[in-house]
1. Using a cut-off of 10 Å between beta-carbons, work out the net charge of the residues near Ala106 (Lys and Arg +1, Asp and Glu -1, Ala106 not included).
2. In a shell of Cβ-Cβ distance under 15 Å around Ile48, excluding Ile48 itself, what net charge do Lys and Arg (+1) and Asp and Glu (-1) give?
3. Would you mind calculating the relative contact order of the chain from Cα pairs under 8 angstrom and at least 6 residues apart, reporting the percent as a whole number?
4. Calculated from DSSP H runs of 4 or more alone, at -39500 (n - 2.57) each and per residue, what is the 222 nm mean residue ellipticity of the chain, nearest 500?
5. Just need the relative contact order of the stretch 1-103 here, percent rounded to a whole number, with Cα pairs under 8 Å and 6+ apart.
6. Label the stretch 89-167 by shape, choosing from rounded, prolate and oblate, from the square roots a ≥ b ≥ c of the eigenvalues of the Cα gyration tensor; if a/c is under 1.5 it is rounded, and otherwise prolate applies when a/b is larger than b/c, oblate when it is not.
7. Lys/Arg Cβ at +1, Asp/Glu Cβ at -1, dipole of the chain taken about the Cα centre: which of Ala188, Ile81, Ile163 is farthest positive-ward?
8. Assign unit charges at the C-beta atoms only (+1 for Lys and Arg, -1 for Asp and Glu), then state the dipole size of the stretch 30-184 relative to its Cα centre in Debye, rounded to the nearest 20.
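Taken together, the values in this text are just the output of simple stated rules run on the coordinates, not laboratory data. From a predicted model like this one, the values you see are computed outputs, not experimental measurements. For neighbour counting, all protein chains shown are included, and Cβ atoms are generated from backbone atoms with ideal geometry for every residue, glycine included.
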Amino acid sequence: AYLFDPEDEALRAETAQIRDDRTYRARAMVGKMRELGADVTWEQVAAIAGDAVVGRPHLARALAAAGAVPTPADAFTADWIADGGRAFVDRYAPDLGRAVGLVAAAGGVSVLAHPRSPGYEIPDAVIVELADAGLNGIEVFHFDHDQPQRLWLAELAGSLNLIMTGGSDDHGSFQPGGQTSGGGGLGAETTPPQEYARLLALAAARAR
């Protein structure tokens, strides 16, 4: 969601629920990690996160600090906190169509992030449905997308009049996809200038 009104009440309520759920989820994952023998506490994880909302990168760092895994990247496996892993707990997320509507109502621009990432593939038919529901763009330029996928997504975006964005998806050096694990690092993928201008123009029109 880009350039939305941060004071929009409905969107603020939704993001608060998402944020609070991440804390409940992280606490539950700490409990599972302890059951699996890792000497990790919630206090340690919270200290690693500092002022940030606790996420899996912080849990991974705590696992590494406890000696349960050699490096934080090794925590993202089925043995620990990868999707579906032994210590994994799913998180709350709004329905995509509802999320698109919330962003639009708040004056923002909605873009579907990297729809061809392995394990997170969004079928073309769903993208078409989201475009009909008001989706404004799709992320085409992302390190998970090879050249044929980029060409196909660009063609799909053109047929649906969707903005094409890009992003490095950089979560730091402790997350798969970050600078130490092949993601290319901050700024490795960007949005083409003409698409950026389209995004700004749409947001400006909604702000009037």
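1. Numbers: positive: Arg12, Arg206; negative: Asp5, Glu7, Asp8, Glu9, Glu14.
It works out to a net charge of -3.
2. That works out to +1.
3. Working: 300 pairs, mean separation 36.7, N = 208.
Relative contact order of the chain: 18 percent.
4. Values: 7 runs with 94 residues, N = 208.
Mean residue ellipticity at 222 nm (helix-derived): -14500 deg cm²/dmol.
5. Numbers: 104 pairs, mean separation 28.7, N = 103.
Rounded, it is 28 percent for the stretch 1-103.
6. Details: a/c = 1.82, a/b = 1.24, b/c = 1.46.
It is oblate, given that a/c is not under 1.5 and a/b is not larger than b/c.
7. Ile81
8. Details: 9 positive and 19 negative charges, 59 e Å.
Here the size comes out at about 280 debye.
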